[in-house]
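First comes the structure, then the notes that go with it.
The values are calculated or read from the model by the stated rules, or taken from the named source; none is laboratory data. Note that this is a predicted model, so its numbers are computed, not measured. Neighbour counts run over all protein chains shown; Cβ positions are idealised from the backbone, glycine included.
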Amino acid sequence: MKILLTGCSGYVGGIIAPFFSEAAELYQTNTRGSFTNYHRAADLRNIDEVQALAEWIQPDVIIHAAGNKNSKFCEEHEDEAAKINVTACENLIRAFGANVKYIYISSDYVFDGMRGNYTEEDTPAPFTAYGRQKLAAEKIFLTNAPQSFIVRLAALFDNNATFCKFLRDQFEKNVAVECFDDVFYSPTYYRNFLQILNALVFCEDFSRRIFHCGGERVSRFRFASMYAEHSGFPTNLVKECKLFDAAGGNFFFLKPDISLSNAATLKYLNLQPLSLCEALIEL
Ligand SMILES: NC(=O)c1ccc[n+]([C@@H]2O[C@H](COP(=O)([O-])OP(=O)(O)OC[C@H]3O[C@@H](n4cnc5c(N)ncnc54)[C@H](OP(=O)(O)O)[C@@H]3O)[C@@H](O)[C@H]2O)c1
């Protein structure tokens, strides 16, 4: 099995790469770095560079984990961000063809964030430019590549996730952090994500399909409190606050509830993920 992983130097790619380097022949790409048998640099916004990648390697599966997830940048530079978040997807299909298997890493941000618990069947309604671009990319794969799996991933975490690192830094300095108790999401433990991805990569029935990859629905306050507790820090370092009392403009990318339900995905793949509590104990 030959896999091409885009975005190998990113947070998501950095979690995927070590896992599949054992189980498959893994080829990787990002914008820079070494030129080896298993790695090539390519700017995916540029069709010529993507075509050069396709001449280098003909993979069975492409895991497309390159992109720009910076909501503020996407909002302020929508056209520029669309080149990596949308055009790059078109370029991959143009260069590698419609018969390669694609796994596209999408996002919970395709939803409006107002009621949460979104299923794979719910109609997306993104409220940010980033979310609109992720949805546009999904449609490109689903329309043009018959073997495309869309994985809507919600807030991936391990100990190196930005939020976890921030929390630990503050806790180590004995500084209290304020976290919203009125903003809900479904953070995904990295091993649960890898379990789903592994099932998809080796899936025999590759067709057009949407999967949800998220953990339990929690508030940001609850997640931070549980993280403190399981990392051995006093939970009173985490203080509750309200998004809707805060300066809303700074948090335009947060809505009351963007949590995903992944019940249908787990049933389809016959998987049993770790609970949030089990995940935090394991971390
Ligand atoms: N992190 C999450 O929790 C999460 C959740 C849902 C969905 N996602 C999706 O997963 C993807 C990656 O997220 P991330 O957290 O890993 O972001 P990240 O840490 O910022 O990494 C971005 C990756 O994309 C590559 N990239 C950026 N521009 C490129 C270009 N023009 N050509 C080729 N490669 C390019 C980067 O390569 P360089 O290092 O060379 O710049 C890097 O490897 C995004 O599409 C995001 O929407 C992430």
query: Just wondering, is there one or more residues in the stretch 90-101 that are surrounded by fewer than 16 Cβ atoms within 10 Å (Cβ to Cβ), outside any helix (DSSP H, G or I) and modelled with pLDDT under 95?
result: yes
query: Mind checking which residues of the stretch 90-111 are more than 15 Å from the ligand (Cβ to nearest atom) and among the small types (Gly, Ala, Ser)?
result: Gly97, Ala98
message: Tell me yes or no: at least one residue of the stretch 9-26 is β-branched (Val, Ile, Thr), more than 7 Å from the ligand (Cβ to nearest atom) and surrounded by fewer than 20 Cβ atoms within 10 Å (Cβ to Cβ).
response: no
query: When you scan the stretch 72-86, how many residues do you find that are within 11 Å of the ligand (Cβ to nearest atom) and either closer than 17 Å to Val151 by Cβ or buried (at least 18 other Cβ atoms within 10 Å of the Cβ) (or both)?
result: 5
Candidate set: the stretch 27-61, residues that are small (Gly, Ala, Ser) and within 9 Å of the ligand (Cβ to nearest atom); chosen: the one surrounded by the most Cβ atoms within 10 Å (Cβ to Cβ): Ala42
task: Give the stretch 109-155 a look and list any residue that's without any contact (Cβ under 8 Å) to a residue 12 or more places away in the chain and farther than 27 Å from Arg94 by Cβ, or say none.
output: Asp122, Thr123
task: Looking only at the stretch 184-191, decide whether some residue is within 16 Å of the chain's Cα centre (by Cα), assigned to a loop (DSSP other than H, G, I, E, B) and either modelled with pLDDT of 95 or more or in the same structural domain as Ile63 (by TED's automatic domain parsing) (or both).
output: yes
message: So the check is Cβ under 7 Å with 6+ separation or different chains; which pairs have a first residue in the stretch 62-80 that's without any contact (Cβ under 8 Å) to a residue 12 or more places away in the chain and a second one that's assigned to a helix (DSSP H, G or I)?
response: Phe73/Ala81
statement: Selection from the stretch 52-83 of residues closer than 24 Å to Phe20 by Cα and either in the same structural domain as Phe251 (by TED's automatic domain parsing) or part of a helix (DSSP H, G or I) (or both) yields Ala52, Leu53, Ala54, Glu55, Trp56
